[in-house]
């Protein structure tokens with residue numbers, strides 16, 4: 001597996017749709033050490049129990065092949081503004097406007 005592949009499908013839960021993903025290579029610190037933790041950060045659109053649309057951010061370790069962070073943790077509905085702020089906090093990159101554009105079938 002190369003460092004840009006994901007060992008299993010990105011998944012946020014039942015009926016979730018992947019909207020945007022970002023790759024972050026492992027971080028090299030000033031002393032030259034490496035955390036050996038390349039990460040994929042992904043934005044999902046998912047239905048709530050009452051049929052509304054919610055968003056979730058998930059982070060996956062490419063080294064371990066597993067999900068290690070999810071915002072919100074479960075069941076909460078967050079606005080696009082809060083999701084953008086959390087995305088920036090986690091990835092230090094801006095979430096592009098196109099990330100919330102729906103393509104294909106609309107659920």
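The values are calculated or read from the model by the stated rules, or taken from the named source; none is laboratory data. These numbers were taken from a predicted model, which means no experiment stands behind them. Here Cβ is always computed from backbone atoms with ideal geometry, including for glycine, and neighbour counts include all displayed protein chains.
Taking segment 83-95 as the range and being at pLDDT 85 or above and surrounded by 15 or more Cβ atoms within 10 Å (Cβ to Cβ) as the test, the residues that pass are 83, 84, 86, 87, 95.
Just the residues that are at pLDDT 75 or above, within 12 Å of residue 57 (Cα to Cα) and out of contact with any helix residue (DSSP H, G or I) (no Cβ under 6 Å at 6 or more places or on another chain), please, taken from segment 10-24.
Residues of segment 10-24 at pLDDT 75 or above: 15-24.
With within 12 Å of residue 57 (Cα to Cα) added as a condition, the list becomes 16-22.
Answer for segment 10-24, where residues must be at pLDDT 75 or above, within 12 Å of residue 57 (Cα to Cα) and out of contact with any helix residue (DSSP H, G or I) (no Cβ under 6 Å at 6 or more places or on another chain): 16, 17, 18, 21.
Inside segment 25-81, residues that are within 17 Å of residue 92 (Cβ to Cβ), at pLDDT below 80 and either touching a helix residue (DSSP H, G or I) at 6+ places or on another chain (Cβ under 8 Å) or assigned to a strand (DSSP E or B) (or both) make up a count of 1.
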